[in-house]
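The structure appears right after this line, and notes come after that.
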Amino acid sequence: MTPKLRRLAVCFCMSALALVFLSGCIGTKISYSPKEQMVVATSHNNFLWLGPCGSPWNYSDQINILLQGDYYKSEASQLEAYQDGKLKVDSGYVILNRTNKTVTIELAFEGDDHVPVQCKYNGIHRYVEKEPQEFDITRGWLEEFYRTNGMDFYHP
């Protein structure tokens, strides 16, 4: 391989690698609102994949988990979860460690045909304490919206 061709190949590889890093990343953010007693897990994918009909596609995802009481550990029966509707919590727990600012999520939701679907945010995560801002979703808004609209479904 000639030096000129080798240099061209290295430049091509470096450009491809830079494109991968600059094209987007999947990021997960976890926040906890003490006032609302709510854990919010969000992720966003900036990759512009070809979606339906050949159009560029990326996605954002958010699950709101409402805790009951001021307990460090909440079992499935004490939780409400929302993602494009109210989720049916099948089993699991959420452990909130406010000293270390970590949350452990181990949940399964009832999916199609009553088959449990593992939460994509299962695991131990660091969180940021933050109260909802003016246009953020709150506990009251979630409960009222889904109570009045009767939406009860899950999109795995």
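Worth a mention:
- Residue list for region 110-130, restricted to those being touching a Pro at 6+ places or on another chain (Cβ under 8 Å) and either exposed (fewer than 13 other Cβ atoms within 10 Å of the Cβ) or among the charged types (D, E, K, R) (or both): GLU110, ASP112, GLU129
- Matching residues in region 78-110 - criterion: being within 14 Å of the chain's Cα centre (by Cα), modelled with pLDDT under 95 and not hydrophobic (A, V, I, L, M, F, W, C): TYR82, GLN83, ASP84
- Taken residue by residue, region 36-50 has at least one member that is more than 21 Å from LYS120 (Cβ to Cβ) and modelled with pLDDT of 90 or more.
- Applying the set (1) part of a loop (DSSP other than H, G, I, E, B); (2) surrounded by fewer than 14 Cβ atoms within 10 Å (Cβ to Cβ); (3) modelled with pLDDT of 90 or more to PRO156 leaves exactly one unmet item: (3).
- Of the residues making up region 64-79, just one is assigned to a strand (DSSP E or B) and of a type in the set (Ser, Thr, Tyr), namely SER74.
- Across region 80-99, the qualifying residues are those that are in contact (Cβ under 8 Å) with a residue 12 or more places away in the chain and assigned to a loop (DSSP other than H, G, I, E, B), and the one among them that is farthest from GLN68 (Cα to Cα) is ASP84.
The values are calculated or read from the model by the stated rules, or taken from the named source; none is laboratory data. Since we're looking at a predicted model, the values are computed, not measured. Using ideal geometry, Cβ is built from the backbone for each residue, glycine included, and neighbour counts are taken over all protein chains shown.
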